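The values are calculated or read from the model by the stated rules, or taken from the named source; none is laboratory data. As the structure is a computational prediction, the values presented were derived from the model and not from experiment. Positions of Cβ are generated from backbone atoms using ideal geometry, with glycine treated the same way; all protein chains shown enter the neighbour counts.
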Amino acid sequence: MRQLLSRLVLGLGMLGAMTSAPALAQEPKFTVAPPSAAASGAAIVGHGVVGAGPEAILVMHEWMGDHTNWAGLLPFLNGKAFTYVFADLRGYGWSKGLAGAYSADEAVADMFALMDHLGHARFHVVGHSMSGLIAQAMAAKGKERVKSLVVVTPVPPSGFKTDEAGFQRLVTVIDSDEAMRGAIKARVAQRYTDSWVDYKLAIARNATGREAMLGYLKMFTGTDVTAEVAGLELPVLLVTGADDIPFYQEATERPKFAQAYKALTVETIANAGHYPMLQTPALLLSLIEKFVAGQKS
């Protein structure tokens, strides 16, 4: 009987230990600041900050989405080691009411003004798709300020070159939900449900409007920073998705980046396409934080 009672007490103790496990940490949220003006008169784009670590990381978005694309990473961010600054370009997200020329030069100036405003003299830059091109332009312009680049399924240094027919197909993506659905499906190898595609479409449509999309389309199809970045020695992490369209796959991207950057690391995510921050957020974040942690000089 005593043995039986001992076993019952032990079992109840173990059950108590299991049920008294600590609660999950509260999921971090963006600390949002709307567009404003610096003392110098420079425009400060809308942005959200997460974390308070010593290493600052500026994160920019793609053509068909704003900061919302990155929200799935928030539960996993290391806010003690890093300060993340999620910036919305003019015409997008938190900066939706901020008009502009939508040029690469303007975006570069805006990003440096933002980081000045937040007190970050040197920092790391993460760019996705079209903002991968902006990130590279930042590295060329501010060699002494950009510690490293992480470019996720990026537009290469030469830009997204296309003929008039190709340009007009991209304009159709701006104007037609069906065309945008087709573009999204192609960039994830047709692997996702219609509900997921509609979710991604909603992110794009809520993020911005026609004027900004058309402006940035002209930017990433008409900007070439090949000469400006040639021979840059800063560390660069290129992240590609195996399910992306051929233009953004590793076989196409690696040679273009290897020609430009001396310190290039390449990672390909097997089960992602153009949107690893939506498809494989924990893995993408791990790649970013491990890379940045090794570049703290």
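Numbers below:
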| quantity | calculated |
| --- | --- |
| Criterion: in contact with a strand residue (DSSP E or B) (Cβ under 6 Å, 6 or more places away or on another chain), part of a helix (DSSP H, G or I), among the β-branched types (Val, Ile, Thr) and within 20 Å of Thr68 (Cβ to Cβ) - qualifying residue of Ile203, Ile288 | Ile288 |
| Verdict on Ile269 being modelled with pLDDT of 95 or more, over 22 Å from Leu89 (Cβ atoms) and out of contact with any strand residue (DSSP E or B) (no Cβ under 9 Å at 6 or more places or on another chain) | no |
| Subset of the stretch 17-69 (residues that are within 14 Å of Phe86 (Cβ to Cβ), of a type in the set (D, E, K, R) and at pLDDT below 95) | Lys29 |
| Subset of the stretch 100-119 that is touching a Phe, Trp or Tyr at 6+ places or on another chain (Cβ under 9 Å) and either among the acidic types (Asp, Glu) or assigned to a helix (DSSP H, G or I) (or both) - its residue that is farthest from Leu133 (Cα to Cα) | Met115 |
| Asp243 charged (D, E, K, R), in contact (Cβ under 8 Å) with a residue 60 or more places away in the chain, on the phi < 0 side of the Ramachandran plot and in a loop (DSSP other than H, G, I, E, B) | no |
| Test: residue in the stretch 133-141 that is surrounded by fewer than 23 Cβ atoms within 10 Å (Cβ to Cβ), without any contact (Cβ under 8 Å) to a residue 12 or more places away in the chain and closer than 29 Å to Val292 by Cβ | no |
| Residue check, Arg122 closer than 26 Å to Met180 by Cα and not small (Gly, Ala, Ser) | no |
| Residues being within 21 Å of the chain's Cα centre (by Cα) and either at pLDDT below 95 or among the hydroxyl-bearing types (Ser, Thr, Tyr) (or both) - total across the stretch 142-185 | 5 |
| Single residue of the stretch 68-80 satisfying the filter (without any contact (Cβ under 8 Å) to a residue 60 or more places away in the chain and closer than 19 Å to Val292 by Cβ) that is surrounded by the fewest Cβ atoms within 10 Å (Cβ to Cβ) | Lys80 |
| Any hit, the stretch 226-246, residues being polar (S, T, N, Q) and surrounded by 13 or more Cβ atoms within 10 Å (Cβ to Cβ) | yes |
| Tally of residues being in a helix (DSSP H, G or I) and in contact (Cβ under 8 Å) with a residue 40 or more places away in the chain across the stretch 253-285 | 12 |
